[in-house]
1. What is the residue count in the range 1-39 for residues that are touching a helix residue (DSSP H, G or I) at 6+ places or on another chain (Cβ under 9 Å), among the hydrophobic types (A, V, I, L, M, F, W, C) and surrounded by 10 or more Cβ atoms within 10 Å (Cβ to Cβ)?
2. Kindly indicate which of Ser42, Ser64, Ser89 is open to solvent by less than 30 Å² (accessible area, probe 1.4 Å) and under 15 Å from the mean Cα position of the chain (by Cα).
3. Count, please, the residues in the range 134-143 that happen to be surrounded by 13 or more Cβ atoms within 10 Å (Cβ to Cβ) and under 16 Å from the mean Cα position of the chain (by Cα).
4. How many of the residues making up the range 13-35 are hydroxyl-bearing (Ser, Thr, Tyr) and part of a loop (DSSP other than H, G, I, E, B)?
5. Under 6 Å by Cβ, and 6 or more places apart or on different chains, what pairs join a residue from the range 76-96 that is at pLDDT below 95 with one that is polar (S, T, N, Q) and in a loop (DSSP other than H, G, I, E, B)?
6. Looking at (1) closer than 24 Å to Ser119 by Cβ; (2) modelled with pLDDT under 90; (3) touching an Asp or Glu at 6+ places or on another chain (Cβ under 7 Å), can you tell me which one Gly55 breaks?
7. In this structure, does Val58 turn out to be aliphatic (A, V, I, L, M), in contact (Cβ under 8 Å) with a residue 40 or more places away in the chain and open to solvent by 30 Å² or more (accessible area, probe 1.4 Å)?
8. Would you be able to tell me the number of residues in the range 99-124 that are touching a strand residue (DSSP E or B) at 6+ places or on another chain (Cβ under 8 Å), crowded, with 23+ Cβ neighbours inside 10 Å and farther than 15 Å from Leu74 by Cα?
Amino acid sequence: VLTRREDVCLADGATASKTRKREDLQKRIDIAEAADADVLLSIHLNEYRSREESGPQVFYRHGSDQGRLLAGTLQQALLNGLKPSRERSALAGDYYVLGGTMPSVLVECGFLSNPGDASVMHDTPGAIARAIAQGVDAYTLNQ
């Protein structure tokens, strides 16, 4: 189930605020829970002030064993599928979108600020999608 098909905020109103951002993220969680989703993937493209930062990285909610397993499986699938020059590890994080009752992860596909990562995202977006799908498949098979 996709929570959005375009870059739009799901929160009510037009004012940018921290409260509105939380409402947007909560609506994404609500959609996943209403669909009785097995997992929640929040997929993003990273950016950083240094053009040297690179590589995909997956985050999971502190204290979530299933989230940790999902994140580790996805991280390995991204490393296998994309062969990045920098191999990051899955990490616990405190991100609002990692709420809900199902295992949830935040997938940073790479850094738009890094020319190599940006090239992969632009030229071969299917490679990222395949790696994520393979990671979810591997996680599901082990459950």
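1. Qualifying residue count for the region: 7.
2. Values: Ser64 fails: under 15 Å from the mean Cα position of the chain (by Cα); Ser89 fails: open to solvent by less than 30 Å² (accessible area, probe 1.4 Å).
Every option except Ser42 fails the conditions.
3. Initial filter on the range 134-143 (surrounded by 13 or more Cβ atoms within 10 Å (Cβ to Cβ)): 134-136, 138-139.
Next cut, under 16 Å from the mean Cα position of the chain (by Cα) only: 134-136, 139.
So the answer is 4.
4. Of all residues in the range 13-35, those hydroxyl-bearing (Ser, Thr, Tyr) come to 15, 17, 19.
Now restrict to residues that are part of a loop (DSSP other than H, G, I, E, B): 15, 17.
Residues that pass the stated criteria total 2.
5. Every condition considered, the pairs that remain are Arg86/Ser54.
6. Answer for Gly55: the failing condition is (2).
7. Taking the combined requirement at face value, the residue does not satisfy it.
8. Residues in the range 99-124 being touching a strand residue (DSSP E or B) at 6+ places or on another chain (Cβ under 8 Å), crowded, with 23+ Cβ neighbours inside 10 Å and farther than 15 Å from Leu74 by Cα: 2 in total.
The values are calculated or read from the model by the stated rules, or taken from the named source; none is laboratory data. Since we're looking at a predicted model, the values are computed, not measured. No Cβ is skipped: glycine too gets one built from the backbone with ideal geometry, and neighbour counts run over all protein chains shown. Ligands, DNA and RNA are excluded from the accessible area calculation, which covers all protein heavy atoms including side chains. Shrake-Rupley method; radii C 1.70, N 1.55, O 1.52, S 1.80 Å.
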